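What follows is a single structure, written as structure tokens, with notes after it.
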Amino acid sequence: MARTPSNMLDLGTQAPEFSLLNPATQEQVKLSDYTGKPVLVAFICNHCPYVILIKEVFSKLADEFQEKGIQVIAINSNDVDHYPDDSPEKMIIDSEANNYNFPYLYDESQEVAQQYQAACTPDLYLFDAEHKLYYRGQFDDARPKSNIPVTGDDLKNAVESLLAGKPSPDNQKPSLGCNIKWKVGNEPIS
């Protein structure tokens, strides 16, 4: 597991469009399905210890966010040939086990992760109703073995600011997690 920070895409960036498979429903989900709605796009996976640490709180907050009008979408972009624990079949199991009430999509080609410049899991992107980037960064300060409680406060505060019509938070810390497991030839150029 390589500790990798997020790339911190420029605020105001337009969310790249995508159409990805939801393994649980076998339906394609597009970003444009949520035109006019704020959207949280979370790059996660099944096996990363950083994601495992936040899953329970993330699932609960996702429910709260959706009740307030924020659409939540999770995307798994890992190379499942080399990391079979992240396979679409296991995504369904993981989604059910963690009560994910949001689409958990499979980015088989890894093109969506590349377009978003996703670097790690979890990598979080909060877009406003025009799908312009409002927040990108960490869930909170908790890390595996840090003994810091998982609260989701950084993301929660950003969501509350967005819903209140306030400017983007000034202090946005990069997320930190396992690197995206790139297929050979898909690795980002640094």
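The values are calculated or read from the model by the stated rules, or taken from the named source; none is laboratory data. These numbers come from a predicted model, not from an experiment. Neighbour counts are summed over all protein chains in view; Cβ atoms, including those assigned to glycine, are modelled from backbone coordinates with ideal geometry.
Summary table
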item	result
Filter pass, Tyr104 being buried (at least 21 other Cβ atoms within 10 Å of the Cβ), aromatic (Phe, Trp, Tyr), under 16 Å from Asn76 (Cα atoms) and in contact with an Asp or Glu (Cβ under 9 Å, 6 or more places away or on another chain)	yes
Any hit, segment 30-53, residues being farther than 15 Å from Val112 by Cβ and acidic (Asp, Glu)	no
Residue that is surrounded by the most Cβ atoms within 10 Å (Cβ to Cβ), among those in segment 52-82 that are more than 25 Å from Leu162 (Cα to Cα) and of a type in the set (D, E, K, R)	Asp79
Matching residues, segment 118-157, being of a type in the set (Val, Ile, Thr) and touching a Gly at 6+ places or on another chain (Cβ under 7 Å)	Thr121
Total residues in segment 59-107, condition under 17 Å from Glu27 (Cα atoms), aromatic (Phe, Trp, Tyr) and touching a Leu at 6+ places or on another chain (Cβ under 7 Å)	1
Meets criteria (closer than 24 Å to Thr25 by Cα, among the aromatic types (Phe, Trp, Tyr) and surrounded by 14 or more Cβ atoms within 10 Å (Cβ to Cβ)) for Tyr135	no
Any hit, segment 54-63, residues being under 14 Å from the mean Cα position of the chain (by Cα) and closer than 30 Å to Val184 by Cα	yes
Residue satisfying condition, being in a helix (DSSP H, G or I), on the phi < 0 side of the Ramachandran plot and among the hydroxyl-bearing types (Ser, Thr, Tyr), within set Ser168, Ser161	Ser161
Residue within segment 117-125 that is under 16 Å from Leu162 (Cβ atoms), touching a residue at least 40 places away in the same chain (Cβ under 8 Å) and surrounded by 22 or more Cβ atoms within 10 Å (Cβ to Cβ) present	yes
Output for segment 157-173, where each listed residue is touching a Lys or Arg at 6+ places or on another chain (Cβ under 9 Å) and within 13 Å of Ala129 (Cα to Cα)	Val159, Leu163
Residue within segment 16-27 that is more than 18 Å from Gln172 (Cβ to Cβ), under 15 Å from the mean Cα position of the chain (by Cα), at pLDDT 95 or above and not in a loop (DSSP other than H, G, I, E, B) present	yes
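To keep it simple, each residue is scored yes or no on (1) within 23 Å of Arg3 (Cα to Cα); (2) out of contact with any Pro (no Cβ under 9 Å at 6 or more places or on another chain); (3) aromatic (Phe, Trp, Tyr).
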residue	(1), (2), (3)
Val112	yes, no, no
Thr121	yes, yes, no
Leu126	yes, no, no
Tyr134	no, no, yes
Ile148	yes, yes, no
Val159	no, no, no
Pro174	yes, no, no
Gly177	yes, no, no
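Residues checked against (1) more than 14 Å from the chain's Cα centre (by Cα); (2) farther than 25 Å from Asn186 by Cβ; (3) among the acidic types (Asp, Glu); (4) modelled with pLDDT of 95 or more:
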site: Ile93; (1), (2), (3), (4): yes, yes, no, yes
site: Glu96; (1), (2), (3), (4): yes, yes, yes, yes
site: Ser109; (1), (2), (3), (4): yes, no, no, yes
site: Phe127; (1), (2), (3), (4): no, no, no, yes
site: His131; (1), (2), (3), (4): yes, no, no, yes
site: Gly137; (1), (2), (3), (4): no, no, no, no
